[in-house]
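Before any comments, here is the structure.
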Amino acid sequence: MKLKKYPLNIIIFILLIVVFSNQKICGSGGRFPTWGLSFKGEASGGILVLAKTGNRYVKHVSIETKTGESVESIAQRLADTINAHHSRQTRRVEYDPHWLWVGGFQAHASEDVLILPFGPESYIIGGTETGLGIPKPPRFLSCSYHKEKDELLLNWENTSSEYDFILINGYWTDFDNRFGRKINGNSNSFIIDRERIPLNIDDMDFWVVGFRDNIPSNATAIHVSDNGYCQEETFGIPFNEGIAPNWVSWSTVKEQSKISFEEREIESYARFGTLSKTLLTKPFYQVIKAVPKGTVHGIYRKFLGLIPGHTYRLTACMNTLNMDSVKGNWSFSIHAVPTGKDKKDLTGKQMAGLASLPNSKSGPEAAQIAAFGPDRTTKREFDFAITGYTKLKDGTNSSNITLPSDANEITVWVRFSCDDPKGKVGFSGVKLEDLTAIKNPKSPEQIIQEENKQEAELQSWIERKSLQKQPDEK
């Protein structure tokens, strides 16, 4: 009652004191809102990556865990690693991908809890560590724009792990704007009404993260452009168990070797914190290694919630790495086929060409977009496979993908077979365009030209940055 007589600015001042009094004070960084990350159980042994969300190339730190290591030890070592990176911040160093934040905040461990600034929406967990209660990430994030309703429909699949809740982070116009939503842990779709959230449909990024026991998974992500009709995997997110976000491993054998899949980082991109805008300029790419003779394996993903009757163009970025020096027979190919009619995933035998696909075709060349082998390599460079443009072995072009009236998905898979145990290939990701909805789609030549231009500009920018003298250098 007497409070009503106080001036408004005094009331605001009192409220601010109350709010900040509930926030922890750590290090020289002053007052920060904080969040406590508490792992569960014990470590399985592997690489544990803590990454910060909020850009197409995320900042991250990592430690190598030991089998059976306690959560108390994990929390303390992560805090020490974060602070060690931050202690090296100087004017001489323009950028370090391992600085999770700017300022004097010191991460610290309180028994089994890692105290971090900001909130749970700011972090994801990747790497090869599979214990500690870390949930597996959602997968297959896809986005469709429905112009008549001015709505965006996000679809994804949850893993067998159940989430307590799911966080959706949306960004637009080069991450200058953001929205976040916390939704039910069983959700696998989300509708965005652009009257309520005016996203820029020419430049949007979406991330979906599952939480269990307040522990975040890795993210599944997608970049959307061209009036909402183009979706592509242009992001720089550390992998989960050696597999790129959105993708899942497959094989013709039940017991698949985890060491057959690996994350590779392009160091020059990481050093300067580049903003990944194309498939050619991503800081991380997938490596698929050879497995025992007679085994065929690879990775696959689905694009969900597509529009029946529409025609789609797929662009993939592939690299045969050092396969020119490999002796013996090998093959590296990418395929895509309409799915969704029976709501079942393709089997390893289907993707290996040993069983019929939903379109009744079978064999190694069924639904093929591009194929590489001893007689055709990428000469250690990333090359593009584009439906309706890339030539197949018989000299014809691969076909764009038109969905039947009873299908609303496209399954894409990469296949690798090699007799040499030293064989390995690279894969950067894919882009899917709705050619039916895009008024003036770019030609395949324009796509390749723009990708090469972006890569050349990035390389030139890196060279200039590396030659520049820092402010305190003579």
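Readers should treat all values here as calculations from the given coordinates under stated rules, not as data from a laboratory. These numbers were taken from a predicted model, which means no experiment stands behind them. With ideal geometry, Cβ positions are generated from the backbone for all residues, glycine too; neighbour counts draw on all protein chains shown.
Before moving on, here are some points about what is shown:
- Hydrodynamic radius (Kirkwood) for the stretch 136-228, which is based on Cα pairs only, to one decimal in Å: 13.3 Å
- Semi-axes of the equivalent ellipsoid of the chain are 40, 27, 23 Å, computed as sqrt(5λ) over the eigenvalues of the C-alpha gyration tensor in descending order.
- Cα centroid separation - the stretch 280-343 against the stretch 409-432, whole Å: 4 Å
- Between ARG196 and PHE175, the C-beta separation translates, for a Förster distance of 22 Å, into a calculated FRET efficiency of about 0.65.
- Extent along principal axes [Cα atoms of the stretch 26-127; Å; largest to smallest]: 40, 26, 24
- Highest-first arrangement of 191-201, 361-371, where packing means the average Cβ count within 10 Å: 361-371, 191-201
- Charge dipole (debye, nearest 20) of the chain; +1 at Cβ of Lys and Arg, -1 at Cβ of Asp and Glu: 460 debye
- The stretch 182-238 and the stretch 102-159: distance between their alpha carbon centers, rounded to Å: 11 Å
- By average C-beta atoms within 10 angstrom, highest first, the peptides 55-63, 411-419: 411-419, 55-63
- THR281, THR347 arranged by Cβ crowding within 10 Å, fewest neighbours leading: THR347, THR281
- Inter-label distance, nm, simple model (7 Å from Cα along the C-beta direction), SER189/ASP213: 3.3 nm
- Dipole axis of the stretch 191-333 (+1 Lys, Arg; -1 Asp, Glu on Cβ), positive-most option in SER333, GLN286, VAL296: VAL296
- Entries in LYS147/LYS439; LYS136/LYS349; LYS136/LYS258; LYS289/LYS327; LYS149/LYS343; LYS258/LYS343 that, when Cα-Cα distance is taken, lie over 23 Å: LYS136/LYS349; LYS149/LYS343; LYS258/LYS343
- LEU354/GLU455 FRET efficiency (R0 30 Å; Cβ-Cβ; nearest 0.05): 0.20
- Over the chain, relative contact order from alpha-carbon pairs under 8 Å, at least 6 apart, %: 14 percent
- Mean Cβ count within 10 Å, highest first, over the residues of peptides 170-183, 139-152: 139-152, 170-183
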